[in-house]
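A.B. asks: Handing you this structure, nothing more for now.
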């Protein structure tokens with residue numbers, strides 16, 4: 001039942017706080033930067049519906065304003081959420097930006113601590129500011145104004161944005177099990193039999209499947225494989241860095257087969273002691289941030305209690321399958337290993 005064990009563990013710590021984002025005014029718009037503005041902080045990354053979003057080159061970076069808020073440009077978030085170029089405009093006379101999509105309109109006025117969302121006034125906790133020809137403001141106001149949501153991962157400096165169709169709250173356990181209708185058992189069978197071609201059929205065709213070696217999902221570093229890559233992965237000798245080992249911090253550098261045996265299927269999870277749907281069964285010291293990355297997903301957890309009495313139950317293992325809805329079907333987007341970490 002146990003293919004391989006390792007005493008090396010990894011811990012990850014992250015905190016989910018408040019966050020920020022932006023909308024761009026044309027470079028022709030000029031204004032003097034307000035006093036007290038500080039230098040840019042470390043790079044802030046933007047993830048949209050679980051995937052890192054890459055902005056166009058030349059986009060100005062974030063900074064920490066006098067209120068202690070990390071500010072990021074508004075057009076970047078608007079475009080990342082699918083607003084077309086024609087839905088982003090700047091009125092130089094009124095000193096306001098307007099973001100519109102098919103469902104919502106957000107009006108941002110320079111140097112004001114409020115904005116209009118579909119005609120209703122929303123109070124902000126800092127003012128919209130012009131910098132490098134771009135309007136900056138806290139991100140959640142635009143995300144929520146466009147029907148989405150936002151969360152801040154301070155550990156890796158990631159703003160997680162979820163569009164309207166992906167921000168839904170998680171289903172109740174019974175509802176989630178009913179919704180999958182046995183799909184999870186088919187995925188587990190493919191994993192147990194190492195049938196990668198079969199597994200690939202269940203993988204999200206646009207997002208692929210993300211491999212997370214410990215509980216904490218790192219959207220900047222975790223390896224993602226698309227269905228076509230997965231089909232022949234077990235025979236691929238290419239070494240990849242899948243993360244870092246707990247304790248030593250050394251890179252997890254190995255080919256897919258070795259990673260699979262150590263971090264995906266070290267036990268036959270068809271014989272797991274417990275199974276849950278949208279409910280975490282067990283956890284170590286590593287943060288489980290699956291709901292930050294995939295708020296509306298169905299998460300199936302297979303859990304083994306400790307196998308060896310000498311470890312006092314600390315040698316437990318869990319495998320989490322993460323499914324997201326895609327065109328009326330549930331598709332696999334994540335394979336998360338969990339175990340005790342130092």
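A.B. asks: Run down 252, 161, 217 and say which single residue is assigned to a loop (DSSP other than H, G, I, E, B), touching a residue at least 12 places away in the same chain (Cβ under 8 Å) and in contact with a strand residue (DSSP E or B) (Cβ under 9 Å, 6 or more places away or on another chain).
C.D. replies: When all the criteria are applied, what remains is 217.
A.B. asks: Okay, moving on. Answer with yes or no whether residue 309 is modelled with pLDDT of 95 or more, farther than 29 Å from residue 182 by Cβ, surrounded by fewer than 20 Cβ atoms within 10 Å (Cβ to Cβ) and more than 20 Å from the chain's Cα centre (by Cα).
C.D. replies: no
A.B. asks: Restricting attention to segment 79-91, does a residue exist that is crowded, with 16+ Cβ neighbours inside 10 Å, modelled with pLDDT of 90 or more, assigned to a loop (DSSP other than H, G, I, E, B) and touching a helix residue (DSSP H, G or I) at 6+ places or on another chain (Cβ under 6 Å)?
C.D. replies: No - not one qualifying residue is present in segment 79-91.
A.B. asks: Is it the case that residue 267 is more than 26 Å from residue 152 (Cα to Cα), assigned to a loop (DSSP other than H, G, I, E, B) and touching a strand residue (DSSP E or B) at 6+ places or on another chain (Cβ under 8 Å)?
C.D. replies: Answer is yes for this residue.
A.B. asks: Can you name the residue in segment 180-214 that is within 21 Å of residue 252 (Cβ to Cβ) and more than 23 Å from the chain's Cα centre (by Cα) and, of all such residues, is surrounded by the fewest Cβ atoms within 10 Å (Cβ to Cβ)?
C.D. replies: Among those residues, the one meeting the criterion is 194.
A.B. asks: Moving on to the next point. Considering only residues that are outside any helix (DSSP H, G or I) and in contact with a helix residue (DSSP H, G or I) (Cβ under 8 Å, 6 or more places away or on another chain), look in segment 167-194 and name the one that is farthest from residue 298 (Cα to Cα).
C.D. replies: 194
A.B. asks: Can you give me the number of residues within segment 157-179 that are farther than 20 Å from residue 118 by Cα and either in the same structural domain as residue 222 (by TED's automatic domain parsing) or surrounded by fewer than 22 Cβ atoms within 10 Å (Cβ to Cβ) (or both)?
C.D. replies: Number satisfying all stated conditions: 14.
A.B. asks: If a residue counts only when it is crowded, with 16+ Cβ neighbours inside 10 Å, which strands (runs of 3 or more DSSP E) contained entirely in segment 112-156 have at least 1 such residues?
C.D. replies: By residue number, 114-117, 129-131, 134-137, 149-153.
A.B. asks: Report whether or not residue 334 is assigned by TED's automatic domain parsing to the domain that holds residue 223, within 24 Å of residue 204 (Cβ to Cβ) and outside any loop (DSSP other than H, G, I, E, B).
C.D. replies: Here the answer is yes, as residue 334 does meet what is asked.
A.B. asks: Something else now. Name the residue that is modelled with the lowest pLDDT, counting only residues in segment 230-249 that are outside any helix (DSSP H, G or I) and more than 25 Å from the chain's Cα centre (by Cα).
C.D. replies: That would be 248.
A.B. asks: Of all residues in segment 227-248, count the ones that are without any contact (Cβ under 8 Å) to a residue 40 or more places away in the chain and closer than 27 Å to residue 152 by Cα.
C.D. replies: The total comes to 2.
A.B. asks: When residue 329 is evaluated against the numbered criteria (1) under 25 Å from residue 206 (Cβ atoms); (2) at pLDDT 95 or above; (3) more than 21 Å from the chain's Cα centre (by Cα); (4) loosely packed, with under 14 Cβ neighbours inside 10 Å, which criterion, by number, is the only one it fails?
C.D. replies: Unmet for residue 329, out of (1) under 25 Å from residue 206 (Cβ atoms); (2) at pLDDT 95 or above; (3) more than 21 Å from the chain's Cα centre (by Cα); (4) loosely packed, with under 14 Cβ neighbours inside 10 Å: (3).
A.B. asks: Kindly establish whether residue 274 is in contact (Cβ under 8 Å) with a residue 24 or more places away in the chain, surrounded by fewer than 16 Cβ atoms within 10 Å (Cβ to Cβ), within 21 Å of residue 191 (Cα to Cα) and in contact with a strand residue (DSSP E or B) (Cβ under 8 Å, 6 or more places away or on another chain).
C.D. replies: yes
A.B. asks: Same structure again: Could you list, in sequence order, all residues of segment 107-140 that are closer than 25 Å to residue 166 by Cβ and touching a residue at least 60 places away in the same chain (Cβ under 8 Å)?
C.D. replies: Hits for segment 107-140 are 108, 136, 137, 138, 139, 140.
The values are calculated or read from the model by the stated rules, or taken from the named source; none is laboratory data. Keep in mind it's a predicted model, so treat the numbers as computed, not measured. We place every Cβ from the backbone using ideal geometry, glycine too, and count neighbours over all the protein chains shown.
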